[in-house]
1. Given (1) crowded, with 20+ Cβ neighbours inside 10 Å; (2) touching a His at 6+ places or on another chain (Cβ under 8 Å); (3) modelled with pLDDT under 90; (4) not aromatic (Phe, Trp, Tyr), identify the lone condition not met by Ala27.
2. Mind counting the residues in region 179-238 that are surrounded by fewer than 18 Cβ atoms within 10 Å (Cβ to Cβ), among the charged types (D, E, K, R) and part of a strand (DSSP E or B)?
3. Taking Ala471 and the conditions (1) assigned to a helix (DSSP H, G or I); (2) modelled with pLDDT under 75, which numbered condition does it fall short on, given that it satisfies the others?
4. What do you reckon, is Tyr60 among the aromatic types (Phe, Trp, Tyr) and within 20 Å of the chain's Cα centre (by Cα)?
5. Where in region 101-167 are the helices (runs of 4 or more DSSP H), entirely inside, with at least 1 residues that are modelled with pLDDT under 95, over 24 Å from Glu245 (Cα atoms) and within 27 Å of the chain's Cα centre (by Cα)?
6. Among the residues of region 351-388, count how many are open to solvent by 30 Å² or more (accessible area, probe 1.4 Å) and in a helix (DSSP H, G or I).
7. The conditions are (1) closer than 30 Å to Tyr60 by Cβ; (2) modelled with pLDDT under 95; (3) surrounded by 24 or more Cβ atoms within 10 Å (Cβ to Cβ), and Asn242 fails exactly one of them. Which is it?
8. Looking at Met74, Met57 in this structure, which one is in a strand (DSSP E or B) and exposed (fewer than 14 other Cβ atoms within 10 Å of the Cβ)?
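The values are calculated or read from the model by the stated rules, or taken from the named source; none is laboratory data. Bear in mind that the values here come from a model prediction, so they are computed numbers and not experimental data. Cβ placement follows ideal geometry from the backbone for every residue including glycine, while neighbour counts extend to all protein chains displayed. Accessible surface is based on the protein model in full, side chains and every heavy atom, while ligands, DNA and RNA are left aside. Shrake-Rupley method; radii C 1.70, N 1.55, O 1.52, S 1.80 Å.
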Amino acid sequence: MALHSSFKLYTSADTFTLQPISTDSSAASENVVIQRSTGSVQLNSPASAAPSDEEVMTIYGVIGFVRLLAGEYMVVITERSKAAQIGTKDIYMVKDYKVLPLSRNTLALTEAQVGEEASYLSLLHSHLQSGKFNFSYDYELTHTLQRQAELKGNTQPIWERADERFFWNKRLQSKFIDHTSKNKDQDLSRFILPVVNGFAEIKTAEINKKPFTFAVISRRSRHRAGTRYFSRGVDADGNVSNFNETEQILVADAGLDGAASALPGGKIFLAHVQTRGSIPIYWTQINNIKYTPKLQIFNNPETENTFRTHFEIQKKLYGPQLVINLVNNKGYEKPMADAFTKNINTLNDKDIKYLHFDFHHECSKMRWHRVALILDHFQSELHAQGYFKAVFGKDGVEKVALKQTSVVRTNCMDCLDRTNVVQSVVSRWVLNRQLRDIGILGADEKFELFDDFEFQFRNVWADNADVISCAYSGTGALKTDFTRTGNRTKAGAIQDLQNSIVRYIKNNFLDGARQDAYDLFLRYDVNPSGPYLLVDNRPLQIKALPVVLLVGATMLVGAIILPEDSLSTAVILFASFWLAIITYVFKFLVANGIQYVNWPKLVPLPYVKA
């Protein structure tokens, strides 16, 4: 059953009323009334006429409810844009939203609580504005096509059969979910909208005068989610940081491959899935203002069990694992390479094929073509892995022809830049096989020969890399010039330098608040009685020095680029003054680094004491 796709939201002094907009009389007769004073929910049918004093707006879904100091707030989608269409089913992206308080005033709050409430709301807004949130009313976006096929015949509502790893707003939907579970005659399932944090992009293309649709969807796990240096490694349940599932989808007219099973007017769907995630041991990097944070690998007696748990979960979900570890085999990253290899050898699992590929060494001096060595190494396993293939008819009849039987799991330190390059190379290899399989490409052809689609493929994968990177590191991905053009370029190197500088600033001075925003949305319960954790009690000197550094850098750049005579005595003296300030402040920060880092405040880091 499809979800309600739009509503009239009636707001009065006492209630919020959600009235579906639908030509279906049974759907239009439903409405949900939320009492603002108590937060209670009631499903009423038939709908009564709306009181004349109510404010009305059109919304496109309820993201959920979050409880702060003043009470509950309802988060609703007020604007959407179409991100993709898989078959006949639309995928949307959240373009705008509103956070609506159930409580009508904050008079019961103390002055300190009012300030803390404003800070909580600021975190909530920053999370909603920075993420890429996708949803669908009739396509099960939390599931791959293969999992959707396996769920055929499952009559549970969409929210109940959703993959809970990627149901980003599941915690915020607990009010509607709990009400439905406790009241069998109050089924709010058509109002419960799963939202996915990730990437979705689709392109229509043509090769050899044969049209098809190409899409990439990435889903970010809500477990152990966070920012680059404040979320590393594994937790006790086997969840790893920055876990993303990426699915590449191909849709074409059935019968292109001459299959006897083709249905009149049907479509053939092909998909391939890869995963990425942090190295599944207990480790962290402690911010200390230096460009390369301090690496710590913890001698936790549970490491072996947790490592095993992680891979048992992955095998249950995806089958045998082709593990590609891209970290350096020398220098700063070597301890991570050694630890991963040691635990793989200890596990000694026949269903895990492991390759340590030192990316920076193997592809040094711009020899990026050597990434293909990974394909050579796993050639037989990739052929055996296959991909999902199914035929859908107009009446929904489905015939599954192939299933993907294993998965490539890739990681580097951040599971971003090097990982993006390797995933796009693997997907390129698979897509060529799929296009030959259904007759779009000839037996000896590659889509690289078709410039228009080659351009589309490269840019979709580069866009995917940027979205995943922004969520974790705060900037777009590095090395995307290779993904977009097939070559490493000077312009790309300059862009990487810029992104690296921005990452440094964000990771040290801004990411504490970003981590707090993740925690508030996904796991932190606000305690009305305190303590008020968001108050920054650090001395003024500690709070001010990073600002002084930023102001100094701005002044120095201005002195260089603004004056007509940049070599005049006055300009040189001005620039020298600010250069001296920057040098002094930076040295001071590095010497006393850890106390100047913007640390998260809501949820203590498991391994680090700030």
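1. (1)
2. Result for region 179-238: 3.
3. (2)
4. no
5. Helices (runs of 4 or more DSSP H) meeting the threshold: 111-130.
6. Matching residues across region 351-388 total 14.
7. All conditions are met except number (2).
8. Exactly one of Met74, Met57 is in a strand (DSSP E or B) and exposed (fewer than 14 other Cβ atoms within 10 Å of the Cβ), namely Met57.
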